[in-house]
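Have a look at the structure below, then the notes.
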């Protein structure tokens, strides 16, 4: 899926990249230093997105507070966080109904268990009464 980001405090006006199955590809910068940005794109292409984000985090460009690599890192972290949150939101409801459906499909085994529980209760009553007089 293609993601876009507007970097702050650096030359490029826009960054585009894809992250599929945790792997980054198709990195493009609009504006900035073509040689350096092409180099960053080629070096990061096909690598795990988290690994790229970790490597580029905190890189400075001269006196600036950030850099093109650092801004790419921030954008990657943001996308990975959003994807992780989306998975958390999407997976539990999907798994929970499946588990509930499985439980709902198994009432037949539960019914005999309930019947088995009733039988011991009935038999434990007389046994308990029989034991009480013997204990005294």
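The values are calculated or read from the model by the stated rules, or taken from the named source; none is laboratory data. Quick caveat, the model's predicted, so the values are computed rather than measured. Here Cβ is always computed from backbone atoms with ideal geometry, including for glycine, and neighbour counts include all displayed protein chains.
Residues in the range 34-51: is at least one outside any helix (DSSP H, G or I) and in contact with a helix residue (DSSP H, G or I) (Cβ under 7 Å, 6 or more places away or on another chain)? No; the residues of the range 34-51 include none that is outside any helix (DSSP H, G or I) and in contact with a helix residue (DSSP H, G or I) (Cβ under 7 Å, 6 or more places away or on another chain). All told, residue 87 meets the bar of being out of contact with any strand residue (DSSP E or B) (no Cβ under 8 Å at 6 or more places or on another chain), in a helix (DSSP H, G or I) and modelled with pLDDT under 95. The residue that is surrounded by the most Cβ atoms within 10 Å (Cβ to Cβ), among those in the range 11-31 that are in contact with a strand residue (DSSP E or B) (Cβ under 9 Å, 6 or more places away or on another chain) and not in a strand (DSSP E or B), is 12. Within the range 64-84, the residues that satisfy the criterion of being crowded, with 17+ Cβ neighbours inside 10 Å, part of a helix (DSSP H, G or I) and out of contact with any strand residue (DSSP E or B) (no Cβ under 9 Å at 6 or more places or on another chain) are 69, 70, 73.
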